[in-house]
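The values are calculated or read from the model by the stated rules, or taken from the named source; none is laboratory data. Model, not experiment: these values are computed from the prediction. Note that we place each Cβ from the backbone using ideal geometry, even for glycine, and neighbour counts take in every protein chain shown. Side chains are part of the model used for accessible areas, which takes the heavy atoms of the whole protein and leaves out ligands, DNA and RNA. Shrake-Rupley method; radii C 1.70, N 1.55, O 1.52, S 1.80 Å.
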Amino acid sequence: MDPTASPSGEGALGCPEDSIRLVETCLQLFTVTDAQLQQIQAALLASMEQALQDPEGPASAVRMLPTYVGSIPHGTEQGDFVVLELGATGASLRVLWVTLTGTEGPRLEPRSQEFVIPQEVMLGPGQQLFDFAARCLCEFLDTLPLCQQPLQLGFSFSFPCHQTGLDKSTLISWTKGFWCSGMEGQDVVQMLRDAIRKQGAYSIDVVAVVNDTVGTMMGGQLGPGPCEVGLVVDTGTNACYMEEARHVAVLDEDRGRVCVSVEWGSFHDAGALGPLLTTFDHVLDHGSLNPGAQRFEKMIGGLYLGELVRLVLAHLTERRALFGGCPSPALLCPGSILLEHLAAMEDPSSGEAGAHVLLQDLGLSTGMVDAKLVQQVGWAVSTRAARLCAAALSAVLARLQRGRELQTLRVAVATGGQVFERLPRFLSVLRETVQLLAPQCEVSFTPSEDGGGRGVAVVTAVAARLAAHRRLLEETLAPFRLGHRELEAVQAQMRGAMSRGLHGEASSLRMLPTYVRATPDGSERGDFLALDLGGTNFRVLLVRVAAQGVRITNQVYSIPEGVTQGSGQQLFDHIVDCIVDFQRKQGLSGQSLPLGFTFSFPCQQLGLDQGILLNWTKGFKASDCEGQDVVKLLREAIHRRQAAKLNVVAIVNDTVGTMMSCGYEDSRCEVGLIVGTGTNACYMEELRNVAAVAGDSGHMCINMEWGAFGDDGSLDALSTSFDASVDQASINPGKQRFEKMISGMYLGEIVRHILLHLTQLGVLFRGQQTQSLQARDIFKTKFLSEIESDSLALRQVRAILEDLGLPLTSDDALMVLEVCQAVSQRAARLCGAGVAAVVEKIRENRGLEELSVSVGVDGTLYKLHPHFSSLVAATVRELAPRCTVTFLQSEDGSGKGAALVTAVACRLAQSTRV
Ligand code: G6P
Ligand code: BGC
Ligand code: BGC
């Protein structure tokens, strides 16, 4: 189609007036009305908002790619950075050495070098392009007086990319004049790293990758408002801006802002843009490397403006409106008119001379009128570009305004790219048009410093700081990550300590006989009272064991901290008061039911109803109890309270109660495990192995009191400074070392100490020590369970942490999650090593190749934590492969087990009486 054909079909022209008319008619095609611009603005805004909500939308829409830049620069960044720019300015690549001096230091000019990329490299295999870039980089560095220090590099890569981290970015598609094979879908950072490594000359860490718009924005200066938009019109065109993170569907973020690269070059709305596309635009598109793509960019980008002018001039020559109808070979050759030619014609007064130069370059014979007309063509093409660019920028401004719900927006737009540098008119047209399209915005335009190089260095500085933080985090958490070897050593040490304990030799494991000789056989019957003291809750229970099963009624009573740490007499009086209250409420007053007492502390038992408290654990500290028979203390309190009708038959550790309770359901249950406030295990040992109890046949349940494992220093190699701090601050320093690495009473405290340390290192909470984190026990172990729950999004994790008054940044929440994971994983793995030692001992005791055994488990940490139980099981499989271990969670607490022990004792007592 001939865009300027007259209705009569007449082709040739005679006089200059005709030429002028024909040129004017042709240039009419490049006019875009204000109404059309408004339409484009609206369509682009709609496309942007759709892409924010649905990133998988149509390819003709803008892409709205989140970058990992979350804040505009503070100006505090410091250090030396290498910046490599690829893809912004056509066929060249730039390397810069940028020194950031923070807010105080003087501004230092960067050093830079530009390299022309050969055409065959731009169109060859991707690997070749990156090898070329790495070579240029080294060539540039060779000119600098560098010592052997590792260098930090920021990579400005100006093509649409999916970014998944500050240093991870996969290419979506090439644009502009690049078409390297095998690259789409590849991580461009990795490609660059590999290429640099191949060069071997320098140690360079590619810390960040950014789009040129981001570098431009980060290198912009403050205007009347913050610089929150980066606008590039270079070979191609694009913009980025700070979007509210909550509006970006692909991000799991509800706070803060994130820089989004609009990638408006791909915008192509049939309704709004379609009518504006001229034949010249279609011809240009067909002849491009990416036909059909980047239609908007092809009307604005510097790579295309000269070519559009050439197509128009060739057409007008063909129509004999110019050059006497004689084209030169150069005029017919694509790519012969460049942006610099347009630049030379820009100035209204000197531009005509520039047009002459161009025409001479093209080998065209010119008259004065021709030069003037050519200049007008140049203006028309660049004016359209500037106005379209203004419409797009106005859409971004409207989006900013809408996202922030502002009446008026004050913002600075950083500009970058050759089109701004070479065509000063472009910016004035742009500014004027933006004023028209976005009258409610106060926009200032500021050229980006050092062509965006400084901005890239700033992002690199931030990325380098984050990477350094990650290294410090990893270093801090490394001692918590126990490998197979370390766990095997723990298992072996535990086995040694078990056997020494059983033989009555010095050992951190006391291996206490419980006088429980058998697990229940199901024939137990009767009504029993039970007490359950030592876990989160103190409970009094009524347990009815009948042929149909066990029925339990229980009530939880609180024990004030003053009582757990007051006098023993006070504690036991309180316990008896609770029993009396319970009896009254249950209508049991006056009845003498046998009572089983779950007492979850280490006791030396001499019989079923005699237990000498060896020491308190888990924050209990009532005086005058250690070294005393707890059953006797209870009986004395009963006497004092004149509650004469209580008959204490058995004292049981919670591990034993749990084992018995689960054993009632599954006869293979021969191990009891608690991971709650404290931790401990018991199991059925061969009586012949128990030195403290006479007899060679049968079994006895042994309360290992494994919480004390390591109190002889055997775990010191695994213990961290955080464990030491928790231990030192506890009421029993040096005691219960294993328990302090595993159980609920301590994990939150370990996490708190790690968080304090990381804050001190500046890794967390911007290095600000907060009052709240100083408070002991503020970080409850239940937070670990909540934070590590898979169903919680990171934003909910943040809500939990914010409730604690911690001043979080978005990276902080993830780090805190990692700290929690490291601490709970170590706990679960250590616990698993302990269980492995126990089941292996049982297997060996019985001379079995394979053992199948069940473990009854209870405790809040084990039950509430989302991953603890599976990690314990996995560790046991890893360390005791010849044992098949089934974990049974106790449903009724160990009070039921205490009642069952009591039932067995009553049955035995009766049968001996008979
Ligand atoms: C059991 C018992 C408690 C025991 C507890 C451990 O079910 O009934 O006496 O001490 O579990 O869990 P906790 O998390 O409460 O310390
Ligand atoms: C690219 C953008 C880039 C722009 C300006 C476009 O072709 O797709 O990523 O920002 O050119 O260089
Ligand atoms: C106690 C054990 C108890 C464990 C679990 C430890 O502190 O010493 O007797 O079994 O906690 O409650």
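Centre-to-centre, using Cα atoms only, segment 201-259 and segment 864-914 are separated by 58 Å. Ordered from highest to lowest accessible area with the whole protein assembly present and a 1.4 Å probe, 408, 553 read as 408, 553. Working from label points 7 Å from Cα in the Cα-to-Cβ sense, the residue 778 to residue 465 distance is 2.3 nm.
Highest mean first, the peptides 652-663, 149-160, 847-858, 761-772 sorted by other C-beta atoms within 10 Å per residue fall in the order 652-663, 149-160, 847-858, 761-772.
What order, most packed first, do the peptides 80-87, 505-512, 555-562, 206-213 have when packing is the mean number of other Cβ atoms within 10 Å of each residue?
Numbers: 80-87: 24.9, 505-512: 19.9, 555-562: 12.5, 206-213: 30.1.
With the highest mean Cβ count within 10 Å placed first, the list reads 206-213, 80-87, 505-512, 555-562.
Could you work out how far the C-alpha centroid of segment 82-148 sits from that of segment 330-351, in angstrom? With segment 82-148 and segment 330-351 each reduced to a Cα centre, they are spaced 28 Å.
Per 0.36 nm of contour for each residue apart, how much would the distance between residue 889 and residue 28 grow if the chain were fully extended, relative to their Cα-Cα spacing? Each step should come with its number before you reach the end.
Working: separation 861, 0.36 × 861 = 309.96 nm, distance 8.17 nm.
Computed gain between residue 889 and residue 28 is 301.8 nm.
Taking every DSSP bridge with both residues inside segment 146-230, close to 45 percent are antiparallel.
In square angstrom, what is the accessible area per residue of the chain with a 1.4 angstrom probe? The partial results should precede the final answer.
Details: 35620 Å² over 914 residues.
Dividing the accessible area of the chain by its residue count gives 39 Å².
With all protein chains in place and a 1.4 Å probe, the accessible surface of segment 446-504 carries 56 percent carbon and sulfur.
Counting only lysines at least 8 places from residue 298 when in the same chain, those with an alpha carbon closer than 21 Å to its own are 176. Report note on the peptides 459-469, 516-526, 821-831: ranked by the mean count of other C-beta atoms within 10 Å, highest first, their order is 821-831, 459-469, 516-526. Share of carbon and sulfur in the accessible area of segment 248-365 stands at 58%, probe radius 1.4 Å. Measuring nothing but protein heavy atoms, the accessible surface of segment 638-714 at 1.4 Å probe radius is 45 percent carbon and sulfur. When both segment 750-786 and segment 631-682 are represented by their alpha-carbon centers, they are found 37 Å apart.
Principal axis extents of the C-alpha atoms in the chain (largest first, rounded to whole Å): 137, 58, 52. Computed with a 1.4 Å probe on the full set of protein chains, the accessible area for residue 536 sits at about 100 Å².
Of the residues 439, 848, 774, the one whose Cα sits farthest toward the positive end of the charge dipole of the chain, with +1 on the Cβ of Lys and Arg and -1 on the Cβ of Asp and Glu, is 848.
Annotation for residue 586 and residue 80: the two label points, set 7 Å from Cα along the Cα-Cβ direction, are 7.9 nm apart.
Straight Cα distances below 15 angstrom link residue 372 to the aspartates and glutamates 17, 18, 24, 346, 347, 352, with same-chain residues fewer than 8 positions distant left out.
Each DSSP beta bridge with both residues in the chain is either parallel or antiparallel, and the antiparallel ones are about 60%. Label sites at residue 120 and residue 537, each approximated as a point 7 angstrom past Cα along Cα to Cβ, lie 8.0 nm apart.
For residue 300, the accessible area of its heavy atoms, probed at 1.4 Å with every protein chain present, is near 0 square angstrom. May I ask you to derive the FRET efficiency for residue 558 and residue 640 from their Cβ-Cβ distance with R0 = 30 Å, giving the value to the nearest 0.05? With a Förster radius of 30 Å, E is 0.90. Bridging of residue 863 to lysines at a Cα separation below 29 Å is possible for 618, 621, 735, 740, 780, 782, 841, 896, once same-chain residues fewer than 8 apart are set aside.
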